[in-house]
Amino acid sequence: MKKMTTALTAGALAFMPLAAFAEDSTDPIVIPIHNWSSQIVMSNVVGQILESRGNNVEFVTTDSQAVYESVRLGDVTLEMEVWEGAFGASFRAAMEKGGIVDVGDHDAVTREDWWYPMWTKEACPGLPAWEALNACAAIFATAETGDKGRYLDGPVDWLKHGQERVAALGMDFVVVNAGSAAALWAEIGAAEAEKKPIVVFNWTPNFAEAVWPGEFVEFPEWVDGCDKDPAVGPNPDALYDCGNPATGYMKKAAWEGMEAKWPGAYAVLEKISFTNPQIAQMAKLVDIDEMEPNEAAEEWLANNKEIWEPWVK
Ligand code: TMO
């Protein structure tokens, strides 16, 4: 565009169709992939939508926290799933430094926290209150945790601060990080046969809610600043003494330069908004139907044309 404006007079410019100035760069739009299924499938869905309108797209596997710095620097072009609970702090930190833009919220309402399958409640009837969970800690004990209960947290890069919460609330639990999301599902599946009480990290929207009815543990309600200011939350001397937001956002984020470089793709990104059932369905195609993420995306797009086609028109 710079070249054209120097080569053409203002008069000639007036006759150029506007579209000539709104062409997307042929450079690839770089889309990051993380380690949970809905994000992987949604990223493929959006990549395929952009490819259908002629954009070049490249996928890179990245850390789910460091990605906000990569977006800010333009090494990665966008992020489709900014979950408030897990990534709000990294997203806000990148926003403060500049270079990353908030491209709006999905329709989805999210929650990420300690969770148990419903059979656990039979062994610990005071649930879902966290105090009741703590009073039942012994029934969650494993060889690994001695007489304390075991809480299986998510992979470390989701930074759930489970250990800090246990310390801040004086809980009789040991936090163990799962190596992958699949390890969480394997743990729930293994406990199911004997209806063994377990408490693990889980989130919604997710495929799991259709497979294992369950509930989130109710911790002290999230208050802004609970992760920054010890005075916030019930323990005046500790951070992370609150649950995660119970009605969290899921945002889209992009590199600040995306709009100028790929204006067409950016306009599509602004319109994209997925709902809880749509996101749960994306995860299901991989976690239950065992499809490859790119095939899951093809299937999702083939079955949901009425949802996404208006976004590219
Ligand atoms: C980041 N996650 C949605 C898996 O909690």
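Here are the numbers:
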read-out	value
Overall Cα dimensions of the chain, principal axis frame, Å, largest first	80, 44, 27
By average C-beta atoms within 10 angstrom, highest first, the peptides 163-174, 31-42	31-42, 163-174
Share of Cα-Cα pairs in the range 166-313 lying beyond 22 Å, as whole percent	60
For the range 250-306 and the range 143-160, distance of Cα centres in Å	31
Additional length obtainable on full extension of the chain from Asp237 to Lys261, 0.36 nm per residue less Cα span	3.9 nm
Peptides ranked, highest mean first, by Cβ atoms within 10 Å: ranges 46-54, 300-308	46-54, 300-308
Relative packing of peptides 254-263, 107-116 - highest average C-beta neighbours within 10 Å first	107-116, 254-263
Distance (nanometres) between label positions extended 7 Å along Cα→Cβ at Glu298 and Lys195	4.4
Beta bridges by DSSP in the chain, antiparallel share as percent, to the nearest 5	60
Share of Cα-Cα pairs in the range 111-216 lying beyond 22 Å, as whole percent	22
Whole-number Å³ per residue for the convex hull built on Cα positions in the range 80-138	122
Relative contact order (percent, whole number), the range 111-216, Cα cutoff 8 Å, 6+ residue spacing	42
Pairwise label distance in nanometres, Asp289 with Lys313, each label 7 Å out on the Cα-Cβ vector	2.5
Distance in nm between pseudo-label sites at Ser52 and Lys271 (7 Å out along the Cβ direction from Cα)	1.1
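Since every read-out is calculated from the coordinates, none of them should be taken as a lab result. Being a predicted model, the structure only gives us computed values, none of them experimental. No Cβ is skipped: glycine too gets one built from the backbone with ideal geometry, and neighbour counts run over all protein chains shown.
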